[in-house]
Structures are given as structure tokens and as C-alpha cells.
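Please treat every number below as a calculation from the coordinates, not as lab data. The model shown is predicted, which means the values in this text are computed figures rather than measured ones. We place every Cβ from the backbone using ideal geometry, glycine too, and count neighbours over all the protein chains shown.
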Amino acid sequence: MQQQAWTAKQQKLQVQGVLTELDVIEIDNPFCSAVIALQGAQVLHYQQKAKSSELPIPPLLWLSDNNSFAPQKAIRGGIPLCFPWFNKHPEYPNLASHGFARNLEWILESIIESADGHQVVLTLEQNMETLKVWPYSFKAQLAVHLGEQLSLRFSVKNTDKQAFEFKFLFHSYFAVDDIHQTQVMGLENTAFLDHLNPELDNLREVDTIGFNAETDRLYSLASGRYRIMQPSQSDILIQSDCSDAVVWNPWIEKTQRLGDMSADAWQQMLCVECGQVSDPVMLAVGETRAFKMFCFRP
Ligand code: TA6
């Protein structure tokens, strides 16, 4: 029986045969194939490998086909890391939405093969650019395990001489067959803020979530266990120790305003984002906090 490949190579991302300037790590092993961009330590692609007797397993993540992949430009799709703020900067709204981490080049620390897959570790520390907009010294690390499941461990160490707080999200774009047929389980009876109607308070999810319009909700004190259900293709299971979850689909009009999504792409994607937003993370001097998420098609 042919031995399955075990490869991990760093190269420029090719899109439809055209080389981009984006440095990526391409992983192939008996459990999955994956692509991680050094910019933002962003997982762009992850696809489990079916056992020989099974049908192929669809990619787990959605990636826009309208990305420019220009340096320091946010990439739409995969798992962008929002850090150290979420949405607009609280004082300087003209700064990059969702923080600087996803637009900066991270350092590739290691790629290690183990019996159950590859582990890739990348780090980001403060620099002249980050200190201008966020005056703290820190060391962020993302450890990605690429095996039968995709697991991410995001940690931040306070290397400053003062305490600070941060917000972060795994801003995961999952691939769905048809958003109209898609439901999300796991957020029942959970309080949420509707970003489209921020004046409404005391909102609480009652049932599984279906989609028939733009949806942009921040769930707090969430369960950390979610299931994206679709009748036509395998579900997606998500588990995290983060206390918040954002559920987002831009629907028709917002997609047209975004500019880096094709007009009907909203039908094949859904963001279920685990992170710490409503309950920011306070770090004392020298303290490290870590958060995990794993996801896969069962
Ligand atoms: O996480 C949901 C959200 O905050 C939406 O409001 C929308 O802005 C989305 O993130 C995408 O943000 P981006 O900056 O990547 O365009």
C-alpha cells in the first residue's frame, strides 16, 4: 500500500497557478492537508483525508476567491486572528478593524511531525508599528495541530512592566453548502448582543440558529461546544474554552459592500468565532493566558 505523504514546505502561495507574494506553509500528511500564511499566522485551508473506503471530506474552511493577498492586507477566509482588539479600535476608529495581528508577518518557530500529524508554532511580539497603536510589550504564540482535527492554541504573555488587557477571536470562516439550509446548535438559551440592533438588550437565543438575513451576534458566557448542521454535507463540530462566540453571515448587501467577496459567496460561508470579547483578558506583568479551539467534520 502506498505510503501517505508527510510534507511541510514553506513557499509562496499559488492561486489559480499565479504566484502571490504571500509566504505560506503547505502541510500534507496521512490525516489532512493544510495551508498556513505567515501573515497573521492565518490558517487558510484545512481538509481532512477520508479513509480509503469513505467519500472525500469537504474542506473545513471557506476562503474568498476575491482576496488580493497583497502584503499586510487582511485575508478574508480561513481563521484570521483578531488581536488585541475586536471590530473598531475603541479610541482610534480609523485603525485596522480587529487589531494588527492578522496583518503582520509572524515568526515561524517550528514545524514538528508527530504520530498524529504536524504541529506548527508561530509567534508575534511588539514592534515599532504595534507600539504606536497599542503601547504594550507582549509575546503572542499560535500553535496549530494538523491531524484528524484542526486545533489551535493561542497564548499571550505580558512581557511589559504594566498590566494590560486584550480581546481576541479565532475569526473562523467555515465552508457550508448552502447557508439557507444551515443551522447552528450549541447557543440555545445564551444571551447575545445583536450588532445590527445594538439598542436591543436582554436578548437570549431560544433554539438552534437558522439564517435568512445578515446575522452578526456576539454570544457571551457561551457553551464552547457548537455544531454547524447541514442536510447536504457533513456537519462541523467546534469546541473551545473561550467564553464568547460570534456568529456572522454578511448576506447580500453587506457582501457587496465588502469588496473582497464575490456576490453570491455569502451562501457558502458562515463564521462561528470563538474568543474573548465581552470579557476581555486582563494580564498581569509576566502572566501568560492561553485559549484553545478545535474543529473538524465528524
Ligand atoms: O465578527 C463579525 C464582524 O465583526 C462583522 O461585523 C464583520 O465586520 C466581520 O467581522 C468581518 O470583519 P472584517 O474586518 O474582516 O471585514
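Details
- Charge dipole (Cα centre; +1 on Lys/Arg Cβ, -1 on Asp/Glu Cβ; no other charges) of the chain amounts to roughly 520 debye.
- Charge tally in the Cβ shell below 14 Å around S68, where Lys, Arg are +1 and Asp, Glu are -1, S68 excluded: -1
- The length gained on full extension between T208 and I252, counted as 0.36 nm times the residue separation minus their Cα-Cα distance, comes to 13.6 nm.
- By average C-beta atoms within 10 angstrom, highest first, the peptides 235-243, 185-193: 235-243, 185-193
- For the residues P280, P58, P135, a GNM of the chain with alpha-carbon springs under 10 Å puts the largest fluctuation on P135.
- Value of Rg to Rh for the stretch 178-227 (Rh from inverse mean 1/r over Cα pairs, i.e. Kirkwood): 0.95
- Local electrostatic count at P280 - Lys and Arg +1, Asp and Glu -1, tallied over other residues with Cβ under 12 Å: -1
- For E129 and D194, the FRET efficiency from 1/(1 + (r/R0)^6), where r spans their Cβ atoms and R0 equals 30 Å, is about 0.35.
- A Förster radius of 30 Å, combined with the Cβ-Cβ distance separating Q11 from N66, puts the computed FRET efficiency at roughly 0.85.
- Gap separating the Cα centres of the stretch 248-298 and the stretch 1-36, nearest whole Å: 24 Å
- Theoretical FRET efficiency, 1/(1+(r/R0)^6), r = Cβ-Cβ of A50 and F294, R0 22 Å, to 0.05: 0.70
- Principal axis analysis of the Cα atoms in the chain yields extents of 58, 42, 34 Å, listed in decreasing size.
- GluC sites (Glu not before Pro) within the stretch 1-93: DSSP coil, no more than 15 neighbouring Cβ in 10 Å: E54, E91
- Ellipsoid semi-axes in whole angstrom, largest first, where each is sqrt(5λ) of the Cα gyration tensor of the stretch 172-298: 25, 18, 16
- Put in order of Cβ neighbour count within 10 Å, fewest first, the listed residues F138, F170, F294 become F294, F138, F170.
- D (Stokes-Einstein, µm²/s), Kirkwood Cα radius, the stretch 13-122, 0.890 mPa s at 25 °C: 160 µm²/s
- Length gained on full extension, Y92 to M229: 45.5 nm, using 0.36 nm per residue less the C-alpha separation.
- Among Q267, Q256, Q162, residue whose mean-square fluctuation peaks in a GNM of the chain (springs only between Cα atoms under 10 Å): Q162
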